[in-house]
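Notes follow once the structure below has been shown.
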Amino acid sequence: MTIGTPENPVRVAIVGAGPSGFYAAEHILKDEATHAQVDLFDRLPTPFGLVRGGVAPDHPKIKSVIRMYEKTAARQGFRFFGNVKVGHDIEVEDLERLYHAIVFTVGCETDRRLGIPGEDLPGSHAATAFVGWYNAHPDYAGEQFDLSCKRAVVIGNGNVAMDVARMLALTGAELRRTDTADHAIEVLDRSEIREIVVLGRRGPAQAAFTNPEIKELGEMEDADVVVDPADVELDPASRAFIESDEADKTSRVNVEILSKFAAREPTGKRKRIVLRFLASPVENVGDGRVEKVVIGRNELVDEGGTLRAKDTGEREELECGLVLRSVGYTGIPIEGVPFDRKRGLILNEGGRVLDSHDAGHRVGHYTAGWIKRGPSGVIGTNKKDALETIRRLLADIESGTLLDPASPEPSAVEELLAERGVRFVSFEDWEAIDRAEVGRGEPHGRPRVKFVGVEEMLEALGEKVSS
C-alpha cells in the first residue's frame, strides 16, 4: 500500500525535542505532497532542548525562536511525548514496529575531556554541568559549585565559554531579572570570585565565539574585561589570514573587538574577566581540590594549510579554586543505533544512518543536528541541516524505501506506554507547565521561575498528566 496518502499517512518518530527535532518536524509536516504524522519524543517533560537548557538566561532574545517551534507543534499531525526515554521506556525496536521512519535528533549531551592530570579534582568541572545547573536542567540540579575562591579559570574559546565567564561576573540584580535557577542565583550571589581567566589554546584570529558574545563582555555592569595588548598581536600567518578573502567577517570583527579591549584601561569594577590566548591547561594541581592550573604557552604552526597550536614547553602556574572546561560536546550512544565512537556521532551519510562504515543505509533510520554533524554552528544552522536529512527521507518515501511497521496506528504508541506505566507529557501538558513557571515568575518581575525536578513538573500538572 502506498504511504504518504490521506488514507495511509507516513508515520515518523523524532527522538529529541531540541531545535533539530522541531526543524525536522516542520520540514516533514509542511511538505504538501506528503501526508505525514510526526510524534516527537524527549526524555524530559520539557521541549526545546538547549534553547531551554543551554542558552544563557540573560539572552532572552535567543529564546524567542521557541515561538517558531510552537507553530510547528500547532500543525495538524504533530504530537509531543515528553518524559519518555528511548532506550529505557521504549526501545528502538519498538519504534520500528510503530513507525515508517525514525529520526534521531538527540544532540551531543556530554562534554569532551581535556585528558590532563588533575582533571577530576574537586573544583574542576565540565561547563556542561555548570550550564545545566544554572539553567535548572533536571540532570544537573544536584551539582555543587564552590565559588568561595578569588579566581576561576574557564578553558575554551567558544560561545559557551563566554556564557560561563559572563554568568560568573553578573551581579545579583542582573541575575534576578532572568530565569536563572533559584538555587544557582543563591550561590552566584554569594560568590567571592573576583577574577575569571579565559584560556584559548589558539590566537584571537582563530577564536570560535561570535561577535555579540565577545562584545557584551565589554558591557558588563560590574566587571572589566582585560586583554594584554601582546596577546592580540597577530603572528604573520594569522595576520595574513585575517587580511585574506578566506577570513570571514566574524573572525575579522572578533580581532577588532579584542584590540579595542586591549587598548582600554580597567575602570575599577568589582570583577575582572581576563581573556588570554595561545594558552592551554597542562595540569590541575591541588591537595584534595584544585588550587592552581599549570598553563602551557603555545605557538601557531602551519600544518597543511591549517594553523595549529603547538606547545612551546614554556610553563606558568595560576592559582585558582574553580576550573570549568568548555572544549566541546560529544554524543552518547543509543542502544540499537550505529555509532561512530571516534567522532562521538551517529554513523550517517547526509542524515541517512549507516549500518557500518562499509555498509549501506539502515532503512527507515535518519539523524539530524549535532548528533549527525558534530557540535557546530548556531541554533539556526540546524534548520538547513534538518532539511538535508528530511529531503532524503522524503525521497525514500517516494521510492518506497522505508520501514514496514506492524502497528502504525497513532493509538498504538499510547497503548504501549500505558501498558508500561510511563507517564508521558503531551504538548498541551507542557503548555500547562509553561504557564505555571511564568506565573511563578510574575510576582518577582522575572520571565519565569523554572521547575527543576521532573516530579515537580508532573506534580504541577496534577491530573492533567497524560496516561
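No value in this document is a laboratory result; all are computed from the given coordinates. Computed from a predicted model, the values in this text were never measured in an experiment. Heads up, the Cβs are rebuilt from the backbone with ideal geometry, glycines too, and the neighbour counts pull from every protein chain shown.
Two numbers describe the Cα atoms of the range 60-191: Rg and Dmax, which are 18.9, 56 Å.
Under the simplified labelling scheme, the SER244-ARG440 pair shows an inter-label distance of 5.2 nm, with each label point 7 Å from Cα along Cα→Cβ.
Viscosity 1.567 mPa s, temperature 4 °C: what is the translational diffusion coefficient of the chain from Stokes-Einstein with a Kirkwood Rh over Cα pairs, rounded to a whole number of µm²/s? Estimated via Stokes-Einstein, D reaches 54 µm²/s.
Gyration tensor analysis over the Cα atoms of the range 116-217 returns equivalent ellipsoid semi-axes of 22, 17, 13 Å (largest first, whole Å).
Convex hull volume of the C-alpha atoms in the range 129-183, normalised per residue: 94 Å³. Label-to-label distance, GLU314 versus THR381, with points set 7 angstrom from Cα along the beta-carbon direction: 3.1 nm.
In the range 112-328, inverting the average of 1/r over every pair of distinct C-alpha atoms gives 17.8 Å as the Kirkwood radius.
Projecting the Cα positions of VAL106, GLN144, VAL255 onto the charge dipole of the chain (unit charges on Cβ atoms of Lys, Arg, Asp and Glu, taken about the Cα centre) puts VAL255 furthest along the positive direction. With 19 Å as the limit on Cα-Cα distance, the pairs of LYS63/LYS372; LYS215/LYS271; LYS71/LYS450; LYS249/LYS310; LYS150/LYS269; LYS63/LYS269 that go past it are LYS63/LYS372; LYS71/LYS450; LYS249/LYS310; LYS63/LYS269. To the nearest ten degrees, helix 249-263 and the longest principal axis of the Cα atoms of the chain are 30 degrees apart. Ordering VAL378, LEU44, ALA436 by the projection of their Cα atoms onto the charge dipole of the chain, which places +1 on the Cβ of Lys and Arg and -1 on the Cβ of Asp and Glu, puts VAL378 at the extreme positive end. Given the options GLY118, PRO6, ALA395, identify the residue whose Cα lies farthest towards the positive end of the charge dipole of the chain (+1 on Cβ of Lys, Arg; -1 on Cβ of Asp, Glu). Value computed over the given set: GLY118. Listed by Cβ neighbour count within 10 Å, with the fewest neighbours leading, ASP434, ASP179 appear as ASP434, ASP179.
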